[in-house]
Each structure stands twice: as C-alpha cells, then as structure tokens.
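Presented below is the structure to which this report refers.
The values are calculated or read from the model by the stated rules, or taken from the named source; none is laboratory data. In this text the structure is predicted, and so the values were computed from the model without any measurement. Neighbour counts run over all protein chains shown; Cβ positions are idealised from the backbone, glycine included.
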Amino acid sequence: MARIVGCRPGATRPGDDDRPVARRPWYVACFWSRVTTAPPALRLRLLVGAAASLLLFGAVRPAIAAQTTDEVLGQRVAGAIRSYARYTIFDEVTVHVEDQHVTLTGRVTVPVKKQEIGERVARIEGIRSLTNDIAVLPASVTDDRLRRAVAAAVYGHPGFRRYAESPHPSIHIIIEHARVTLVGEVDRHGDRILAQSLAHVPGVLSVENRLRVADR
C-alpha cells in the first residue's frame, strides 16, 4: 500500500519541505500530493470528498440566511449601527427587515456615515439583500450650531442626566434647515414633553416630537 505523505506550509510535493510553492496555497499542494500518491481506489474517494466539500461550502451561506429570523437579524443590524463609532445623537437610522431583506432609512450628518454604515451592515451573516436609503443632511453652519445648542439644553438638564450618562443616549436630535426632530426613546411621558420644551432654543423654527415612551 502506498504511503500518504503528510504536508506542512511551504511543501510542494511529498517529502519536499524546503521549496516554496509558487502561486499555489500550501494546502492545495498538500491535498494534491495526497491524491497523486494514493492508490486508485483511495484517490477516487479523495476527489469525491473534495467535490462534496465544495458543494457543502456553497450551501452554507443560504442555509444560514434561511435559519435567521427577521427579528434576530434586525437586532444584529441595530447592534452594528449602535456600535459604529461615528454614529451620534445627531444621526437617525431605522432598520426594516422582511424575509432577510434589510432596508436602512433615516438621516445622517455626513456622506461617509451612510457609506460606512452600509458596509458594516452588509457584512452581517444571514442578509439576503441590503437597500441603503439613508439620507444625508445638507451641510449647514447654522444647523451645526443649533445641534450643539439643543443637545446642551436637553442633555444638560438635571432631569436628563441618566440619558446623558448612558453608553448609547436614546434621545436623538435631527436638525435640518433649523427644524428639529426628536427621535428615540424616553422612560416617561413627562420626559417626552420636557425634551420638546427644552429643544426650543433661540434660532429653532419648529420642533417635531417623535420620541417614544418605553414599555415597562
């Protein structure tokens, strides 16, 4: 019976451990050396096994997508967005998942955020398709000033200290053409009303309150 010679990275053929492989991964050379030195019957089994492995590998990703529920997938996407370093209280991204097809909407302050959020989400296992409909807010010195002013008024209030100290502050302040939209979540209805009142700083034309009260 022929001996199946073992391989290690850098081997080109059985027993040759000193010559580097040119344009061929070491594991390909290793497998091929096993095939070429094996008896005919074993050689056939090795080739059939390799073909089956390739078919299985190609089926893994669709299988994962089929097993991932929309709810779980939505949680993964939301987590990836929250952990994105550039995502701030001045951005808002909404996630919609249906049959593993993900749609992103909302508004962010600069174009790179839309691009990088889309790239992060696209890497999540189980997504069948991704539609990135996030809008980019227009550049505005006035809106930038109002963002700082409204954030200071809301998060600087003693009653909102617990929100300010959270790793992911839940009140998001979206400003476009001096018009404020409050989105996110608060603990109590009173906080919702107070946030709207605090957001009316000088220069703000209007405040739309879309804050939700958390279910307790």
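Could you check the range 111-146 and list, in sequence order, the residues that are crowded, with 19+ Cβ neighbours inside 10 Å, closer than 19 Å to Arg76 by Cβ and touching a His at 6+ places or on another chain (Cβ under 9 Å)?
Ile127, the sole residue that qualifies.
Please find, among Val108, Val180, Val186, Val97, the residue that is surrounded by 14 or more Cβ atoms within 10 Å (Cβ to Cβ) and under 22 Å from Val72 (Cβ atoms).
That would be Val97, the only listed residue that is surrounded by 14 or more Cβ atoms within 10 Å (Cβ to Cβ) and under 22 Å from Val72 (Cβ atoms).
It is to be established whether one or more residues within the range 162-183 are assigned to a helix (DSSP H, G or I), of a type in the set (Ser, Thr, Tyr) and more than 27 Å from Ala85 (Cβ to Cβ). Working first, answer last.
The first filter runs over the range 162-183 and keeps only residues assigned to a helix (DSSP H, G or I), leaving 162-164.
Checking which are of a type in the set (Ser, Thr, Tyr) leaves us with 163.
Imposing the further condition that a residue be more than 27 Å from Ala85 (Cβ to Cβ) reduces the set to none.
No - not one qualifying residue is present in the range 162-183.
Does the range 124-133 hold any residues that are within 14 Å of the chain's Cα centre (by Cα) and more than 17 Å from Thr69 (Cα to Cα), and which are they?
Thr131, Asn132
Name the residue that is nearest to Arg147 (Cα to Cα), counting only residues in the range 79-100 that are of a type in the set (A, V, I, L, M) and in a helix (DSSP H, G or I). Step through it out loud before you land on a result.
Of all residues in the range 79-100, those of a type in the set (A, V, I, L, M) come to 80-81, 85, 89, 93, 95, 97.
Still in the list and also in a helix (DSSP H, G or I): 80-81.
On the way: Ala80: 24, Ile81: 21 Å.
Selected residue: Ile81.
Check off (1) over 23 Å from Val97 (Cα atoms); (2) without any contact (Cβ under 8 Å) to a residue 24 or more places away in the chain; (3) in contact with a Leu (Cβ under 7 Å, 6 or more places away or on another chain) for Ala122 and give me the number that stays unchecked.
Only one criterion in (1) over 23 Å from Val97 (Cα atoms); (2) without any contact (Cβ under 8 Å) to a residue 24 or more places away in the chain; (3) in contact with a Leu (Cβ under 7 Å, 6 or more places away or on another chain) is unmet by Ala122, namely (1).
Working carefully through the options Asp99, Asp91, find the one that is in contact (Cβ under 8 Å) with a residue 40 or more places away in the chain and outside the structural domain of Tyr155 (by TED's automatic domain parsing).
From the options Asp99, Asp91, the qualifying one is Asp91.
Right, Arg147: more than 25 Å from the chain's Cα centre (by Cα) and modelled with pLDDT of 95 or more or not?
Against the criterion (more than 25 Å from the chain's Cα centre (by Cα) and modelled with pLDDT of 95 or more), Arg147 qualifies.
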